[in-house]
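The structure appears below as structure tokens.
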Amino acid sequence: MKKFEGVLLATDWDATIFCNGTVSEENIKAIEYFQENGGIFTVCSGRYYDFLLSHRDKIRPNTYSVCLNGAYIADTENGDILYRGKCDDRIFSIIDELFLNGDEYINIYLYADNGDIHTYTHDEYKNNLEDIKKKCYYKILLYAKDEEAGDRAKRRADKFEAPGYTVVRSFRKGIE
């Protein structure tokens, strides 16, 4: 039995394994050592799958990667997709409640199933709603005007119930 056999190590991407625009040589070597000794390594991130693929020169997960906060799970070695969970039309009532009916957020980011990220202000969102509703999305990010507004918005979001959806906070000015 190898030293790390049966051990799974999962890391976030931004400001965890990827800092100051890179993955450190120390982390690259530690991950390689861990994997060579039987460890299973992966990344769990809010980023797109293709983004993680673009960094395979630095780190190579040896199991499925969790992308878009769990909405897309795929193997970066062979492209096998384990899970793909797109938002249904109920997402728009959630957006209405959390984005349009509050004053905390200044932008919304819609992560489309084609790899694009669409960014809108309140007015842009309202003016493009017909086109927006024609697309499929994996996740939505709401960006607050400041950290205090983010705190207020999170408290408001915690009271809102949307069966099948989870609101998470990955940084103080944003919820996803």
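Near N107, the amide H atoms lying under 5 Å from its own belong to Y143; only residues 5 or more places off or on other chains count, and H is placed 1.01 Å from N. For the stretch 1-155, the share of alpha carbon pairs falling in successive 10 Å distance bins from zero is 10, 32, 29, 20, 8, 1, 0 percent. Here the stretch 70-176 exposes an accessible surface that is 45 percent carbon and sulfur, computed with a 1.4 Å probe and the other protein chains kept in place.
Under 5 Å between amide hydrogens, built in the peptide plane, is the criterion, and for N62 it picks out F41 among residues at least 5 positions away or on other chains.
Dipole size of the chain about its Cα centre, with +1 on Lys/Arg Cβ and -1 on Asp/Glu Cβ: approximately 260 debye, rounded to the nearest 20.
The alpha-carbon of K133 sits under 20 angstrom from the alpha-carbons of these aspartates and glutamates, leaving out residues fewer than 8 places away in its chain: D88, D89, D96, E97, D113, D116, D123, E124, E176. Do me a favour and compute the ellipsoid semi-axes for the stretch 60-132 from its Cα gyration tensor, root of five times each eigenvalue, largest one first, whole Å. Result for the stretch 60-132: semi-axes of 30, 12, 11 Å.
One way to sum up the overall shape of the stretch 37-102 is the equivalent ellipsoid from its Cα gyration tensor, whose semi-axes run 31, 12, 10 Å, largest first. Computing FRET efficiency as 1/(1 + (r/R0)^6) for V168 and I117, where r is the C-beta to C-beta distance and R0 is 25 Å, gives about 0.90.
When you have a sec, figure out the Kirkwood radius of the stretch 11-54 from all distinct Cα pair distances and drop it here in Å to one decimal? Final number for the Kirkwood radius of the stretch 11-54 is 11.2 Å. Over the stretch 98-176, the fraction of Cα-Cα pairs per 5 Å bin, rounded to whole percents and listed from the shortest bin up, is 3, 16, 25, 25, 20, 9, 1.
FRET efficiency for the pair D103 and M1, taken as 1/(1 + (r/R0)^6) with r the Cβ-Cβ distance and R0 = 41 Å, rounds to 0.10.
The values are calculated or read from the model by the stated rules, or taken from the named source; none is laboratory data. Just so it is clear, the model here is predicted, and its values are computed rather than measured. Here Cβ is always computed from backbone atoms with ideal geometry, including for glycine, and neighbour counts include all displayed protein chains. Note: areas computed on protein heavy atoms with side chains; ligands, DNA, RNA excluded. Shrake-Rupley method; radii C 1.70, N 1.55, O 1.52, S 1.80 Å.
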